[in-house]
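The values are calculated or read from the model by the stated rules, or taken from the named source; none is laboratory data. What you see is a predicted model; the values in this text were computed from it and never measured. Cβ: placed from backbone, ideal geometry, glycine included. Neighbour counts: every protein chain shown.
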2 protein chains.
Amino acid sequence: MSLSTSDRSLVELVIRRLNVLRPLSTEARASLEYALLEGLEHAGAGEDLISEGDPVDSVRVVLSGWLCRYKSLEDGRRQIVNFIFPGESCDSHAFLLPVMDHSIATMTPVVYAEIKRARFESLTRDARSLAEAFWCETLVNNAIQREWAINLGRRTALERVAHLFCEIFERLRPVGMVDANSCVMPVTQMDLADATGLSVVHLNRTVQELRASGLIVLRDRILTINDLDALKDTALYSPSYLQLYRRS
Amino acid sequence: MSLSTSDRSLVELVIRRLNVLRPLSTEARASLEYALLEGLEHAGAGEDLISEGDPVDSVRVVLSGWLCRYKSLEDGRRQIVNFIFPGESCDSHAFLLPVMDHSIATMTPVVYAEIKRARFESLTRDARSLAEAFWCETLVNNAIQREWAINLGRRTALERVAHLFCEIFERLRPVGMVDANSCVMPVTQMDLADATGLSVVHLNRTVQELRASGLIVLRDRILTINDLDALKDTALYSPSYLQLYRRS
DNA sequence: CGTGGAATTGAACGTCGTCAAGGACCGTGG
DNA sequence: CCACGGTCCTTGACGACGTTCAATTCCACG
């Protein structure tokens, strides 16, 4: 495995993000950085990294690319229950439960670092700040999951899609994947439909409604938000749940 | 505060439940039992224990009664994102994040134990098994939240309500609140509507559909499930997410 | 009794899903 | 070079599921 400078900068990104959740000690950063660089892996788009029912014995930290957590019903209906963005980890501590309750799939080519359970446990035992940072991540995930519940249960199609775009934008911003008012949107409308609980057809019409009202431009897999505040208004978006910034 | 024998048996229930998630050492049980008995509190029905935006500095463990986590939109639309049943804790570790992202309300009169943050942290520091048990609880909650996402996003009204009834029944069983094939259902149809993302009117019609098909009886706040397997079939219910039983 | 919350019913409407077809784009192979 | 197939996006027509509004019944409680 070769260690490019780009890999190193991706690892930096992970550490910076965790550091926002909990300030990390110098040793914590160093040992995490080492563990990440040691476990680098690549995956193509559209692969299942883990499937519902699988036992888990490692933690994966995403360095680049988009993934999603999803669940399926017997008859094929699928619900994406969350996205996973660069800097986030897939299933820290998931090994505390016997098996996965959901699946994780790549939506783009992905670079990630795999840390075996024993290694992860010794890392977090040695650095309390690291352990807390990963736990904070789990808690924030929990909060996002709750926000998705009200999104799916109580928002209209237009509000749901607007809300999803706001959330994606706000989650990509702190990891430097937002350029002024636009970001990549490397997923199909089918995926967006599965994330918002809509049919593809209706998702498409809803996106066009957002386009027609001038709030967004979505073309060539690039999302441009013309007026973020206005988009948040139509989404009834309240950002507190992301906990992107620490209480000072 | 008086310590009745009934309080003691409720505390036993909490410990038994945590013990299913992680085997607890004798000392862990003893110190937790002590902390719980020391922090007993009561609340009436329909009270907000914590509201979105509040800082948290304690953990509440529910000894009896039903609560719910919910989120609201500006215009009053409300989504119940989860229930909290006896034996479960409200927000263990929530103090790791600055403020609550959702509110917690009592749906019935409730008995709970409040453990201050410092106390909780020393408890879990001294007993690793206890810490892991509480973390497991958080992880299971996460899994439940994901199941609710697919419930709200991809199931029909009939499936949603059937699924909710299955889940409630299965979560109440291990804490001894199920009697043969029936359990209490001490909430209004308005609450059930807010939990399933339906209007009250349509929830009512859906419940009647379940009644008409002979699957359930719901009367006088008692839910009787005539054929649990059949109900699970109509709900497309797959129980693994509750992780009620440990891998041996 | 009378009051108020909860459950229930009816009717009309609307959002969203389904089905089906057409178009844009892209890589592959003849 | 162009035909071909595949995937994704888009549009139209229609119907169904679920919402809204409003009225009625039921029941516990004072």
Legend entry - Complete set of residues in the stretch B:193-230 that are β-branched (V, I, T) and either assigned by TED's automatic domain parsing to the domain that holds B:N82 or within 21 Å of the chain's Cα centre (by Cα) (or both): B:T196, B:I222, B:T224, B:I225
Legend entry - Meets criteria (closer than 30 Å to B:R22 by Cβ and not basic (K, R)) for B:L228: yes
Legend entry - Looking only at the stretch A:144-167, and only at residues there that are surrounded by fewer than 24 Cβ atoms within 10 Å (Cβ to Cβ), over 20 Å from B:N142 (Cα atoms) and not charged (D, E, K, R), the one that is farthest from DNA strand D (Cβ to nearest atom): A:C166
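Here's the yes/no breakdown for (1) away from DNA strand C (no atom under 16 Å from the Cβ); (2) in a strand (DSSP E or B); (3) within 17 Å of the chain's Cα centre (by Cα):
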{"site": "A:R8", "(1), (2), (3)": "yes, no, no"}
{"site": "A:R17", "(1), (2), (3)": "yes, no, yes"}
{"site": "A:V20", "(1), (2), (3)": "yes, no, yes"}
{"site": "A:R60", "(1), (2), (3)": "yes, yes, yes"}
{"site": "A:Y70", "(1), (2), (3)": "yes, yes, yes"}
Legend entry - Residue that is farthest from B:L231 (Cα to Cα) [pool: residues in the stretch B:164-181 that are more than 14 Å from chain A (Cβ to nearest Cβ) and within 16 Å of DNA strand C (Cβ to nearest atom)]: B:I168
Inset, instruction - With respect to A:M190, determine if the residue is without any contact (Cβ under 8 Å) to a residue 60 or more places away in the chain, not assigned by TED's automatic domain parsing to the domain that holds A:A118 and not acidic (D, E). - result: yes
Legend entry - Looking only at the stretch B:72-115, and only at residues there that are part of a strand (DSSP E or B) and more than 17 Å from the chain's Cα centre (by Cα), the one that is farthest from the other protein chains (Cβ to nearest Cβ): B:I115
Legend entry - Unmet criterion (only one of (1) in contact with a Lys or Arg (Cβ under 6 Å, 6 or more places away or on another chain); (2) at pLDDT 95 or above) for B:E88: (1)
Legend entry - Wholly within the stretch B:177-248, helices (runs of 4 or more DSSP H) carrying at least 2 residues that are surrounded by 15 or more Cβ atoms within 10 Å (Cβ to Cβ) and away from DNA strand D (no atom under 16 Å from the Cβ): B:228-235
Inset, instruction - Hey, could you check the stretch A:222-248 for residues that are modelled with pLDDT of 95 or more and either within 16 Å of DNA strand C (Cβ to nearest atom) or small (G, A, S) (or both) and say which is nearest to B:L73 (Cα to Cα)? - result: A:L236
Inset, instruction - From the list A:V201, A:V161, A:V187, pick out the single residue that is under 28 Å from A:R78 (Cα atoms), out of contact with any Gly (no Cβ under 6 Å at 6 or more places or on another chain) and more than 15 Å from DNA strand C (Cβ to nearest atom). - result: A:V187
Legend entry - Among (1) under 23 Å from A:L49 (Cα atoms); (2) surrounded by 20 or more Cβ atoms within 10 Å (Cβ to Cβ) - the single one A:E114 does not satisfy: (2)
Inset, instruction - Could you please tell me which pairs satisfy a Cβ distance under 6 Å, a separation of 6+ or placement on different chains, a first residue in the stretch B:89-100 that is more than 10 Å from B:E137 (Cα to Cα), and a second residue that is at pLDDT below 90 and crowded, with 18+ Cβ neighbours inside 10 Å? - result: B:L97/A:Q243
Legend entry - So A:E170, is it assigned to a helix (DSSP H, G or I), surrounded by 19 or more Cβ atoms within 10 Å (Cβ to Cβ) and in contact (Cβ under 8 Å) with a residue 60 or more places away in the chain: no
Legend entry - Residue satisfying all of: in the stretch A:2-49; small (G, A, S) and within 16 Å of DNA strand D (Cβ to nearest atom); surrounded by the most Cβ atoms within 10 Å (Cβ to Cβ) among these: A:A45
